[in-house]
Amino acid sequence: MITFRHTFLLLLTSAATAMAQVAPTELDDLLSSAQNRLMVGKRLLQEGDQEGARRAFDRAVEILLSTPVSAPNRARVERRLEEIVDLIYRYDVERLGSGDPLAVATFDKSPLDEIRELNFPLDPKLKGLVQHQISATASQLPLETNDSVLSFINYFTTGRGRGTLINGWRRSHRYRPMIQRILAEEGVPQELIFLAQAESGFMPRAVSNKAATGMWQFVAFRGKEYGLEQNNLVDLRLDPERATRAAARHLKDLYMQFGDWHLAIAAYNCGPGCVDRAVQRIGSADYWELRRINAIPKETTNYVPIILALTIITKNAADYGIKLDDPDPAIEYDSLRVDTQTNLDLIADAADIPVSGIRDLNPALLKSLAPAGFEVKVPKGSAAQVAAAIETVPPMQRASWRLHRVKPGEDLTAIAQRYRTTPKSIASANEGRSAETLAEGSMLMIPVSLAPVVTRVAPTRMTRSRSLARPAVASGRKSPSKALPSHPAAKSGARKPTFAATGRRAAR
């Protein structure tokens with residue numbers, strides 16, 4: 001089947017030779033015209049005219065592709081083109097109809113799996129440059145110049161690694177304001193944001209080959225220790241804000257235990273028990289010494305160098321000829337608490353956006369249902385509208401029913417066919433409303449029968465430890481005013497350290 005995305009690729013090829021200049025005002029006109037065609041296509045698709053919608057969508061893409069490659073602000077057009085093509089693709093694959101509560105979320109591969117056990121060539125010319133950069137760079141995270149850091153600087157400033165860094169930086173701005181706020185509130189270095197870039201590339205649904213999940217790559221039992229609930233409907237490890245809070249507290253706990261950020265970061269990767277045993281075995285709390293004698297796992301030896309390399313490059317991008325611009329816009333949303341199990345298609349109907357838009361805002365939802373009590377994220381400024389629309393649907397029907405805004409000339413028969421139900425069912429659900437009483441723009445409830453989904457708590461699987469954590473606490477806690485302690489084993493090599501907050505022994 002030929003999709004809109006296929007059409008886009010064909011049109012892109014034919015438009016590549018345009019070279020005339022376009023004035024800024026003409027550019028605005030082109031963007032406005034493309035947006036108009038997009039809205040027409042959306043309306044036609046909702047009315048069931050798929051061929052008309054396809055023509056309108058194709059025209060929106062053609063308009064943007066007609067912009068000459070040499071035109072000023074071409075990057076602005078390309079970004080809008082990418083957004084429109086993605087939106088059209090969503091409309092193309094989703095169509096209209098009842099939602100599937102059993103639809104399973106898709107996941108992304110963690111980028112760290114591909115590089116952390118590899119060795120990369122070292123450019124000897126980098127050492128002097130990096131030493132100068134470190135001396136002139138402000139960083140709460142201690143920076144180092146050694147061969148391992150330099151090799152990853154070489155990787156991330158050339159070839160495929162360069163693209164990985166730039167794409168991660170752009171994507172980071174979707175969440176950067178939120179991450180920076182939480183790191184500041186928890187009193188940990190702002191540079192720890194680069195753990196999320198290394199772990200997931202800022203993809204909320206990233207999963208590693210060891211089942212670590214989410215933007216901050218928590219394994220199941222560690223996430224639960226920090227209040228990240230997991231069941232068959234929800235996995236809060238996938239929630240960017242909740243997971244960021246957990247990661248910041250977790251890293252702070254590790255620093256409280258080891259007194260060194262390099263050891264804390266290493267323990268985040270392989271687990272505090274692993275690092276603690278290594279420290280006590282060799283009598284040194286120096287990460288680089290542990291690394292030199294292979295006292296920590298191979299996969300962890302490159303973890304800290306990767307974080308430091310990303311920090312150094314990003315803070316000095318111009319020195320490497322890297323242009324960090326055109327960031328993704330920050331994701332903004334309102335939150336809406338649902339009182340009963342609610343179908344995401346219903347929420348999307350109320351917000352007047354594709355259901356994929358709701359899924360993107362709520363990556364922690366594993367299926368197309370939000371459980372009772374869940375705080376659903378909806379587009380910024382739409383919470384009141386969405387809540388009011390959902391309230392019109394009986395609570396016991398919100399897991400399956402839909403909402404439909406009446407278009408010009410629509411009747412119950414056409415609407416019923418689109419949602420695979422009957423005119424009688426729609427009329428009954430809407431107080432016997434007939435075709436003659438349908439008002440353009442009014443909202444109809446659409447009864448759709450779907451089997452309810454029972455929430456089950458997923459059992460904890462004792463996977464290899466990434467870190468040791470304590471239960472989550474209130475977000476308003478203050479950072480300790482006194483200096484954080486150094487690792488006891490570095491001084492005495494004696495007994496296992498305890499948690500400053502709880503007094504619990506560190507688990508092996």
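Side notes on the structure shown:
- With a Förster radius of 25 Å applied to the C-beta separation of LYS125 and ILE293, the computed FRET efficiency comes to 0.30.
- Neighbourhood net charge (12 Å Cβ-Cβ; Lys/Arg +1, Asp/Glu -1) for ALA60: +3
- Considering the range 287-329 at the alpha-carbon level, its Rg and Dmax are found to be 14.9, 44 Å.
- Its Kirkwood hydrodynamic radius, worked out from the mean inverse distance over all distinct Cα pairs, puts the range 334-446 at 14.4 Å.
- The range 294-310 - phi-based ³J(HN,Hα) in whole Hz, Karplus 6.51/-1.76/1.60, Gly and Pro as x: 6, 7, 10, x, 4, 5, 8, 4, 9, 5, 5, x, 4, 4, 5, 4, 4
- Multiplying the residue separation of ASN146 and ASP325 by 0.36 nm and removing their Cα-Cα distance gives an extension gain of 61.5 nm.
- Computed log₁₀ I(q)/I(0) - Debye formula, equal Cα scatterers, no solvent, the range 140-260, q 0.10 Å⁻¹: -0.33
- Amide H contacts under 5 Å for THR340, placed H, 5+ residues apart: GLY373
Only the coordinates and a few stated rules stand behind these numbers; no lab work does. What you are looking at is a predicted structure, and each value in this text was computed from that prediction instead of being measured. Quick reminder, even Gly has a Cβ in these numbers, built from the backbone with ideal geometry, and neighbours come from all protein chains shown.
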